[in-house]
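Worksheet for the structure shown next.
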Amino acid sequence: LAQRDALDAPSWDWQSGDVIVQLHPVSVPVTAVPGEYQTIVGLYDRSSGVRRSVVDEAGAVIETYALVSPLRVINP
C-alpha cells in the first residue's frame with residue numbers, strides 16, 4: 001500500500017538498552033480500498049540492501065521484519 005525509508009537513527013549510533021522512538025508519516029494513495037492493513041517494520045543494510053534479521057531473546061532468527069500496529073484506511 002505504502003512505504004517509507006529513512007535514516008533518522010542510524011544503527012551504528014545505538015547503544016545496548018537504547019529505546020528508539022520514531023514517527024514516520026506515510027502517504028496512503030487516494031485509491032486505497034478502506035480496510036485494515038498490516039504494518040511492518042524492517043531494517044536493512046544500506047550498502048547491500050539486505051534485510052536484517054529479527055531475533056528472539058536467545059538470538060534465534062524469527063523473521064526479517066516486525067509487525068506493529070495495523071493501519072486502518074477509512075472513507076474520507
Between residue 54 and residue 41, what length comes free when the chain is fully extended (0.36 nm per residue of separation minus the Cα-Cα distance, one decimal in nm)? 3.7 nm
Cβ neighbours within 10 Å, averaged per peptide: list 39-50, 8-19 in order, most packed at the top. 39-50, 8-19
For the chain, report the % of Cα-Cα distances exceeding 15 Å. 68 percent
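Every number in this text was worked out from the coordinates using simple rules, so none of it is lab data. Computed from a predicted model, the values in this text were never measured in an experiment. We place every Cβ from the backbone using ideal geometry, glycine too, and count neighbours over all the protein chains shown.
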